[in-house]
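See structure below.
All of the numbers you see were taken from the coordinates with simple rules; none came from a lab. Bear in mind that the values here come from a model prediction, so they are computed numbers and not experimental data. Every residue, glycine among them, receives a Cβ derived from its backbone with ideal geometry; neighbour counts consider all protein chains shown.
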Amino acid sequence: MKTEESIQIIEEMIATARKDVGGDGYLYLSWGYLVLVSGIMHYLLLMITTFSMPWLPWPILMSLGGINQFIYIYRQEKNRKRSVSAVERMLGYLWGAVFICLILVLGMVGYKEFIVEQNSQLAYVLVLVLYGIGTFVSGGVLQFKPLIFGGIASWVIALVAYQVSFDLQLLLLSLAIVVSYILPGHLLIAKQRQPHV
C-alpha cells in the first residue's frame, strides 16, 4: 500500500467518524443547551430565590439528556450499515471516560460541597477541566479546530473559575459550554450541510 493510499484511508475514516460520532453536532448541541439551561437556572434560583435546592435543574435536565442520548444512539445504531471504526470506538471510550469522571467528581466532591457544606469551590472547576479534555481530544481526532479551541477555552475558564465565587462559577460554566459545545455543534452542522467538493 502506498503512502497516498494510507493517507486517503485515514482521511476517509476521520470523515466517517466526523459524520457518525457526534460529528453531526447533535450531541454537542443537545448536551450543550441542557448544561447551559441548567447552569443559568441554578444561578437564578441561587441568586433571586430562597429555594433550598437551587441545584435541582441539574439532575432533572441531565437525566433527560441521558434518555435523549440513549434514544439518539439507539436509532443511529439501528440504521448503521457498517461496523464501528477505530476512531468511533476511541471517541466512544473517551466520552464514556469523561462521563464516568463527571459522575465521580460530582458524586464525591459535589456531594460533600453542595449537600454537606452548602458551598462549592472545586466541583465545577473540575467539570470544566473534563469538558476541556473531551472537546480538545475530540477536536484533534476529528480534525475540527472549533472543538480544539473550545477545549482550550474550557481550561482557561477553569483557571478563572478557581479564583471566583460559586455563583460566578455557574456563569463561567455556562460561558464554557457555549464555546466548547454549542458553537462547535452549530459549526459541525453547518460544515455537514456544505456540498462536498
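Going by neighbour counts of Cβ atoms within 10 Å, the residues F70, F136 line up, fewest first, as F70, F136. Ranked by how many other Cβ atoms sit within 10 Å of their own Cβ, fewest first, the residues L106, L94 fall in the order L94, L106. Rounded to the nearest whole Hz, the Karplus-based 3J(HN,Hα) values (6.51 cos²θ - 1.76 cosθ + 1.60, θ = phi - 60°) of segment 104-109 follow the sequence 5, 4, 6, x, 8, 5, with x at glycine and proline.
For a quick check: sort Y72, Y181 by the number of other beta carbons within 10 angstrom, fewest at the front. If you can, show how the numbers build up before the last one.
Values: Y72 15, Y181 27.
The order, fewest Cβ neighbours first, is Y72, Y181.
Stretching L44 away from C101 to a fully extended chain increases their span by 17.9 nm, per 0.36 nm per residue minus the current alpha-carbon distance.
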